[in-house]
Amino acid sequence: MGPGNVEAPPSLMSDFLRQCGGVAVIDGGLATELERNGADLNDPIWSAKCLLTSPHLIRKVHIDYLEAGSDIIITASYQATIQGFVAKGFSQGESEALLKRSVEIAIEARDIYNEKCCECVCDGAGDGRVLNQRSILVAASVGSYGAYLADGSEYSGEYGDAMNLEFLKDFHRRRVQVLADTGADLIAFETVPNKLEAQAFAQLLEEEGINIPAWFAFNSKDGINVVRGDSLLECAAIAEACKKVIAVGINCTPPRFIHNLILSVKKVTTKPILIYPNSGESYDPDRKEWVQNTGVSDEDFVSYVNTWCEVGASLVGGCCRTTPNTIRAIHTTLVNKSNAPSLKLSH
């Protein structure tokens, strides 16, 4: 796209989905997977800490997800904000470099994965790994203002009465500009908890001439509204009206709510619908930990996938506490579905 092109080409996502066979697989949880690989994330900048301390682990997790069948990998920038890095003593330039590094690591992972695919002539390595050359997108993650606060408020959307649109736009502006110029394929605005922040993101995309497309993923705790209590229909309509947005949907939400949320989003958007729920476990912001035994198994999670696709989802993955095993099971389910003669994937 040229610099004067203010619209995302509508064909970008439809072409990509066609190459994926109708449904694309998004990766799974990053922070919880980094912890499983030995990273210490006890820090206000959470998974972004690994950009400093262990980029090799981020790269490994990206590759693990690609080898599980992901078509889209999301960068370790969800909690990476310029303000957060500056508060830890980094300069503006160093903070922007760390943001760029999150995308570089994902692109490196994609390159390493593609090399592995070239070396392996079979579709897989006999050990459950998916090694096939395909289109892979790198999505640069932008978490909500609540993610920067690191107090769990992205799970409530409660930013206080003094919050306004211009503050949120100013907070996010430079990060969005930096990520748009990194070589990422799109920006993933994730865990958007309220209507105000959706408006801020949409206006930034339009006003700043951002040169790559974006998706909006909202979260819900009741299966009806976004977590702040704002209407999901109104939030999704903001994404629908923004020409830069090429997909809209739900993330970090219990799987049991997803079916009805897809039906709601469908009422107001013609754009592809994406869903990447969490494992169903709940997060305790006071103890800063996930509450065990409140989620669903990988088998139960994956059992929903066909239904989600049948009612309209065309990008499916996982969020917090999902793993490469979850994503591998989703990939396998979709491959089996597309190979079944009597079934057609939703487009």
For this session: Check off (1) open to solvent by 60 Å² or more (accessible area, probe 1.4 Å); (2) at pLDDT below 90 for residue 263 and give me the number that stays unchecked.
Result: (2)
Problem set entry | Flag if residue 193 is in contact (Cβ under 8 Å) with a residue 60 or more places away in the chain and either within 21 Å of residue 80 (Cβ to Cβ) or of a type outside the set (Val, Ile, Thr) (or both) | no
Exercise. What number of residues within segment 266-290 are open to solvent by 50 Å² or more (accessible area, probe 1.4 Å) and either modelled with pLDDT of 95 or more or out of contact with any Phe, Trp or Tyr (no Cβ under 7 Å at 6 or more places or on another chain) (or both)?
Worked result: 8
Problem set entry | Residue check for residue 244: of a type in the set (D, E, K, R) and either open to solvent by 30 Å² or more (accessible area, probe 1.4 Å) or at pLDDT below 95 (or both) | no
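Name the residue that is nearest to residue 147 (Cα to Cα), counting only residues in segment 158-196 that are of a type in the set (Asp, Glu) and open to solvent by 60 Å² or more (accessible area, probe 1.4 Å). Don't jump to the end; show me each part of the working.
If we filter segment 158-196 for residues that are of a type in the set (Asp, Glu), which is where we start, we get 158, 161, 166, 170, 181, 185, 190.
After this cut, where a residue has to be open to solvent by 60 Å² or more (accessible area, probe 1.4 Å) as well, the list is 158, 161, 166, 170, 181.
Numbers: 158: 12, 161: 18, 166: 18, 170: 16, 181: 22 Å.
Out of the qualifying residues, it is 158.
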For this session: Considering only segment 256-280, state which residues are under 17 Å from residue 306 (Cβ atoms) and out of contact with any strand residue (DSSP E or B) (no Cβ under 9 Å at 6 or more places or on another chain).
Result: 256, 259, 260, 263
Exercise. Could we say that residue 237 is among the hydrophobic types (A, V, I, L, M, F, W, C), open to solvent by 10 Å² or more (accessible area, probe 1.4 Å) and under 22 Å from residue 276 (Cα atoms) here?
Worked result: yes
Problem set entry | From 76, 48, 39, 80, residue being small (Gly, Ala, Ser) and surrounded by fewer than 24 Cβ atoms within 10 Å (Cβ to Cβ) | 39
Exercise. Only one of (1) open to solvent by 40 Å² or more (accessible area, probe 1.4 Å); (2) farther than 30 Å from residue 167 by Cβ; (3) out of contact with any helix residue (DSSP H, G or I) (no Cβ under 7 Å at 6 or more places or on another chain); (4) not small (Gly, Ala, Ser) is not met by residue 149, so which one is it?
Worked result: (2)
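The values are calculated or read from the model by the stated rules, or taken from the named source; none is laboratory data. It should be emphasised that the depicted structure is a prediction, and the values quoted were computed from it without experimental measurement. No Cβ is skipped: glycine too gets one built from the backbone with ideal geometry, and neighbour counts run over all protein chains shown. We work out accessible area using only protein heavy atoms, side chains counted, and drop any ligands, DNA or RNA first. Shrake-Rupley method; radii C 1.70, N 1.55, O 1.52, S 1.80 Å.
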